[in-house]
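S.K.: Sharing a structure with you now.
Bear in mind that the values in this text are calculations on the coordinates, not laboratory data. All of these numbers come straight from a predicted model, not from anything done at the bench. FYI the Cβ positions are ideal-geometry reconstructions off the backbone, even for glycines, and counts take in every protein chain you see.
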Amino acid sequence: MQHTASERAKRPRVLRRQRWGDNETLMGWLFILPVLAGVAVFTYGALVYSFFISLTDWDLLTPAKWTGFSNYGMLLRDEEFYQTFGNTLFFVVTMVPIGIVSAMTLAILIHRPLKGAGFFRASYYLPHITSTIAIGVVWLWIFNPDIGSINTVLSYIGIDNPPRWLESTFWAKPALVLMRIWQISGYYMILYLAGLQTIPDELYEAASIDGASPWQKTRYITVPLLANTTFIVTVLLMIESFNIFEAILAMTKGGPGGTTNSLLYYIYTEAFQSYRMGYASALAWVLFFILFVLTLIQFWHRRKSEGARM
Amino acid sequence: MKLRGTISRIILYAGLTAIAVLMIYPFVWAITASFKTNAQIFNGNPFDLLPRPFTFDNYVQVWTVLPFYRFLLNSLMLSIIVPFCNIALSSLAAYSFARLRFKGRDAVFLILLGVMMMPGHITLIPNYSLMRMLGWINEYQALIVPSIFGASLVFNIFFMRQYYLAIPRDLDEAAIMDGCSRFGIWRRIILPNAKPALATIAILSFVGEWNSFLWPLVVMNDYWKMPIQVGITYLQSNTNNDWGMLMAAASMSILPLIIIFLVFQRHFIKSMLTSGLSGK
């Protein structure tokens with residue numbers, strides 16, 4: 001704002017000292033500039049660059065060759081792509097419902113006055129904070145078909161031919177799902193606990209007066225009123241399962257026979273073991289497109305349900 | 001009726017305890033196994049938890065085969081430097097978004113919102129290529145600089161902006177009257193008042209950086225500069241499933257986080273209960 005000399009003279013002394021540090025627009029931009037610059041390079045710049053790479057043939061050693069959309073055409077004829085896509089879908093359709101049910105069950109069970117509630121909550125959440133790589137090595141042992149914990153316990157209870165878990169083309173995927181569910185249930189349980197806090201006690205009191213059983217209260221009050229949380233959890237779990245990678249790298253390396261190879265693991269091996277940067281980038285764009293749609297749905301829903309707060 | 005209530009309560013506690021045991025068992029097994037001899041590990045009894053004899057051999061061996069103390073130091077350094085830079089930049093930006101009015105602010109906010117929607121894998125190959133062009137492969141810069149600008153940066157901005165909005169504006173205005181600059185307000189008013197939020201962000205970011213894996217795996221092949229998670233896979237591919245050593249390595253990665261979690265538990269859970277998101 002421009003001030004005339006007379007206006008300036010009338011203002012108190014402290015306010016008249018116009019320094020560059022007081023200019024809101026200048027300071028506003030200056031404070032977000034570092035963040036904006038970093039994001040421009042490492043996210044948006046990278047995004048454009050990634051699309052460019054996906055239109056080339058590039059092995060890092062020789063210069064990239066422009067090939068147009070042929071990587072995307074190749075992808076449609078690539079059986080390994082269909083296999084990894086199918087595997088990834090398997091992880092999504094198993095982990096999402098099992099994750100929802102286990103997280104919601106845990107939350108409902110401990111959302112009541114309990115002795116040691118803090119201990120239960122902490123122990124269920126603990127697996128989520130540890131690195132998947134480190135704990136994956138531990139699960140590699142637990143699933144060991146000859147001396148691992150699971151098969152030893154199974155043999156104690158008289159099962160002679162227990163599954164060979166990660167070595168079996170049939171059981172490797174369920175074993176990974178089991179491990180991931182163990183790891184993430186506690187995290188989504190906390191989201192459900194947040195949802196449970198929003199349900200008013202009066203509803204349960206009214207239901208008790210009407211003679212509702214605990215099961216009926218859960219079925220007709222708790223579950224429907226958690227629908228918002230369930231929606232968010234569904235989308236987050238879908239994104240999480242589409243992104244399954246570290247557990248595979250630590251435990252199966254995509255085997256046996258490619259039965260646990262996921263999209264992200266396939267992208268990683270194509271890029272950093274086969275050095276097919278162009279093709280890997282095209283694969284990355286397919287996965288990106290799927291995840292982008294899922295995230296858009298989540299943001300749209302979040303803004304709709306808490307529009308006032310954002 | 002009273003008896004039924006007691007019985008169902010006993011069943012509930014038994015069930016919850018059983019689940020807790022399943023959740024904790026892999027940790028207990030890994031940490032106790034890391035002090036066992038390989039002979040005891042291979043007897044396969046999952047309930048045989050006490051090391052007999054108690055030995056540090058696995059740790060000694062793993063430190064001789066690979067420089068695990070370096071892995072731990074590298075991880076510790078990264079988990080302090082990256083969150084520190086990240087928080088410095090994001091809290092300043094959050095202040096700008098929460099308090100200052102300027103043209104284009106909302107557009108920039110949307111651009112940042114977009115970063116949260118980008119899955120990390122799409123930027124993996126181009127950023128790797130950028131690191132090659134800069135000659136940063138196998139250098140610490142590659143582990144630090146791009147990691148500062150990950151999705152957690154934007155999450156942190158949103159988280160802190162929300163917190164700053166709750167700090168009374170009267171404090172700012174009083175400071176302006178006293179001749180404080182905008183930067184000074186952030187330094188002297190906002191940051192001291194936002195300590196709980198900063199602590200939460202710092203802890204979540206520490207854990208996130210400690211566990212980061214794919215990016216370091218790709219840009220770091222020099223094992224003197226490797227963080228611990230990459231070191232574990234390096235060990236895994238260079239030993240033929242020597243379980244004692246693997247459990248020692250896994251324990252070294254897991255134990256610091258368990259301690260941090262037990263000490264700062266409420267930060268993890270509170271931040272999720274209020275924001276519905278984690279720092280991931």
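S.K.: Where in segment A:104-119 is the amide nitrogen less than 18 Å from a point lying 7 Å along the Cα-to-Cβ axis of residue A:203?
M.R.: Output list for this probe position: A:104-113.
S.K.: Quick check on chain A: helices-only [θ] at 222 nm, where DSSP H runs of length 4 and up contribute -39,500 (n - 2.57) each and the sum goes over total residues. Nearest 500, please.
M.R.: Numbers: 16 runs with 205 residues, N = 310.
Theoretical 222 nm ellipticity from helices: -21000 deg cm²/dmol.
S.K.: Out of residues 5 or more away from residue A:56 or on other chains, whose amide H comes under 5 Å of its own, with H placed 1.01 Å from N in the peptide plane?
M.R.: It is A:67, by chain and number.
S.K.: For a quick protection proxy, order the peptides B:66-72, A:260-266, A:207-213 by their average other-Cβ count within 10 Å, most packed first. Intermediate values should be presented prior to the final figure.
M.R.: Working: B:66-72: 18.4, A:260-266: 24.7, A:207-213: 11.1.
Order by mean packing, descending: A:260-266, B:66-72, A:207-213.
S.K.: Hey, what number do you get for chain B at 222 nm if only DSSP H runs of n ≥ 4 count, each worth -39500 (n - 2.57), divided across all residues, to the nearest 500?
M.R.: Values: 14 runs with 203 residues, N = 280.
The helix-only estimate for chain B comes to -23500 deg cm²/dmol at 222 nm.
S.K.: Still on this structure: Using a cut-off of under 18 Å, list every residue of segment B:7-45 whose amide N is near the label point 7 Å from the Cα of residue A:155 along the Cα-to-beta-carbon line.
M.R.: Within reach of a label on residue A:155: B:38-45.
S.K.: Exactly which trypsin sites (Lys or Arg not before Pro) in segment B:90-196 are in a DSSP loop and have at most 16 other Cβ atoms within 10 Å? Don't skip to the end; give the middle numbers.
M.R.: Values: sites: B:99, B:101, B:103, B:105, B:132, B:161, B:169, B:182, B:187, B:188; in loops: B:101, B:103.
Sparse-neighbourhood loop trypsin sites (Lys or Arg not before Pro): B:101, B:103.
S.K.: Output the relative contact order of chain A, whole-number percent, from Cα pairs under 8 angstrom with separation of 6+ residues.
M.R.: Numbers: 299 pairs, mean separation 83.1, N = 310.
Taking the mean separation of contacting Cα pairs over the length of chain A, I get 27 percent.
S.K.: Quick one: Karplus J couplings for segment A:192-199, per residue in order, coefficients 6.51, -1.76, 1.60, θ = phi - 60°, nearest Hz, x for Gly and Pro?
M.R.: Result, rounded to whole Hz: 5, 4, 4, x, 5, 4, 8, 7.
S.K.: Next question, about the same structure. Just report the Cα centroid separation between segment B:28-105 and segment A:177-232, whole Å.
M.R.: 34
S.K.: So how much slack lies between residue A:51 and residue A:274, counting 0.36 nm per residue of separation and subtracting their Cα-Cα distance, in nm?
M.R.: Details: separation 223, 0.36 × 223 = 80.28 nm, distance 1.92 nm.
Computed gain between residue A:51 and residue A:274 is 78.4 nm.
S.K.: Using a 10 Å cut-off around each Cβ of peptide B:178-186, what is the average number of partner chain Cβ atoms that fall inside?
M.R.: Working: counts 1, 7, 2, 6, 11, 4, 1, 2, 2.
Neighbouring Cβ atoms belonging to other protein chains average 4 per residue here.
S.K.: While we're here: Which shape class applies to segment A:105-165: rounded if a/c is under 1.5, otherwise prolate when a/b exceeds b/c and oblate if not, where a ≥ b ≥ c are the square roots of the Cα gyration tensor eigenvalues?
M.R.: Numbers: a/c = 3.61, a/b = 1.75, b/c = 2.06.
The shape class here is oblate.
S.K.: What is the spin-label model distance, in nm, from residue B:221 to residue B:47 if the labels are put 7 Å beyond Cα along the C-beta direction?
M.R.: Label at residue B:221, label at residue B:47, 5.0 nm between them.
S.K.: Something else now. For segment B:189-266 and segment B:118-182, what is the separation of their C-alpha centers, rounded to whole Å?
M.R.: Taking the Cα centre of segment B:118-182 as reference, the centre of segment B:189-266 is 20 Å away.
S.K.: Can you tell me the Rg and Dmax of segment A:20-83, counting just the alpha carbons, in angstroms?
M.R.: Final numbers for Rg and Dmax: 19.9, 62 Å.
S.K.: In whole Hz, what ³J(HN,Hα) sequence does segment A:62-76 give by Karplus (6.51, -1.76, 1.60; θ = phi - 60°), x for Gly and Pro?
M.R.: Taking θ as phi minus 60°, the curve returns 9, x, 5, 9, 5, 10, x, 8, 5, 4, 6, x, 4, 4, 5 Hz for segment A:62-76.
S.K.: From other protein chains only, count the Cβ atoms within 10 Å of every residue's Cβ in B:93-103, then give the mean.
M.R.: Details: counts 7, 3, 4, 9, 4, 0, 4, 10, 3, 9, 4.
Mean partner-chain Cβ count within 10 Å for B:93-103: 5.
S.K.: What nm value, rounded to one decimal, do you get for the distance between residue A:289 and residue A:304 when each label is placed 7 Å out toward the C-beta?
M.R.: About 2.4 nm, to one decimal.
S.K.: Still on this structure: Counting only complete DSSP H runs, which helices of chain B cover 30 Å or more along their long axis at the Cα atoms and score a mean Kyte-Doolittle of -0.5 or above?
M.R.: Values: long enough: B:2-33 (44 Å, 1.33); B:68-99 (46 Å, 1.22); B:243-275 (41 Å, 1.37).
Helices meeting the criterion: B:2-33, B:68-99, B:243-275.
S.K.: Still on this structure, I have one more. Classify the protein assembly as shown as rounded, prolate or oblate from the Cα gyration tensor: take a ≥ b ≥ c as the square roots of its eigenvalues, call it rounded if a/c is under 1.5, otherwise prolate when a/b beats b/c and oblate if not. Don't skip to the end; give the middle numbers.
M.R.: Details: a/c = 1.70, a/b = 1.26, b/c = 1.35.
Verdict is oblate for the protein assembly as shown.
S.K.: For peptide A:234-245, compute the average count of partner chain beta-carbon atoms within 10 Å of each residue's beta-carbon.
M.R.: Details: counts 0, 0, 4, 0, 0, 1, 1, 0, 2, 3, 0, 3.
What the average comes to for A:234-245 is 1.
S.K.: If you don't mind, there's one more thing I want to ask. Around residue A:208, with a cut-off of 15 angstrom between Cβ atoms, what is the net charge of the other residues, counting Lys and Arg +1 and Asp and Glu -1? Walk me through the intermediate numbers first.
M.R.: Working: positive: A:112, A:217, A:219; negative: A:201, A:202, A:205, A:210.
Value of the local net charge: -1.
S.K.: Now for a separate question. Before anything else, pin down the relative contact order of segment A:220-303: Cα pairs under 8 Å, at least 6 apart, normalised by residue count, whole percent. Show your work: numbers first, answer last.
M.R.: Details: 53 pairs, mean separation 23.7, N = 84.
This gives 28 percent for segment A:220-303.
S.K.: Ok, one more. Given the peptides B:233-245, A:276-288, arrange them by the average over their residues of other C-beta atoms within 10 Å, most packed first. If you can, show how the numbers build up before the last one.
M.R.: Details: B:233-245: 17.3, A:276-288: 24.0.
The most tightly packed comes first, giving A:276-288, B:233-245.
S.K.: If you don't mind, there's one more thing I want to ask. Read phi for every residue in segment A:269-275 and hand back ³J(HN,Hα) as whole Hz from Karplus 6.51 cos²θ - 1.76 cosθ + 1.60, θ = phi - 60°, with x for Gly and Pro.
M.R.: Going residue by residue, I get 5, 4, 6, 10, 10, 9, 6 Hz, with x marking Gly and Pro.
S.K.: Per residue, how much space in cubic angstrom lies within the convex hull of the C-alpha atoms of chain A? Please list the in-between numbers first.
M.R.: Values: hull volume 81.1 nm³, N = 310.
Dividing the Cα hull volume of chain A by its residues yields 261 Å³.
S.K.: Quickly work out the residue A:170-to-residue B:54 label distance, labels modelled 7 Å from Cα along the C-beta direction, and quote it in nm with one decimal.
M.R.: 4.5
S.K.: Classify segment B:66-275 from the C-alpha gyration tensor, please: rounded if a/c falls under 1.5, else prolate or oblate depending on whether a/b exceeds b/c. If you can, show how the numbers build up before the last one.
M.R.: On the way: a/c = 2.56, a/b = 1.79, b/c = 1.43.
In terms of gyration-tensor shape, prolate.
S.K.: When B:8, B:147 are ordered from fewest to most other Cβ atoms inside 10 Å of their Cβ, what list results?
M.R.: Numbers: B:8 11, B:147 23.
By the 10 Å Cβ count, ascending: B:8, B:147.
S.K.: Based on the mean of other beta carbon atoms within 10 Å per residue, what is the order of A:150-159, A:94-103, most packed first?
M.R.: My ranking of the peptides, most packed first, is A:94-103, A:150-159.
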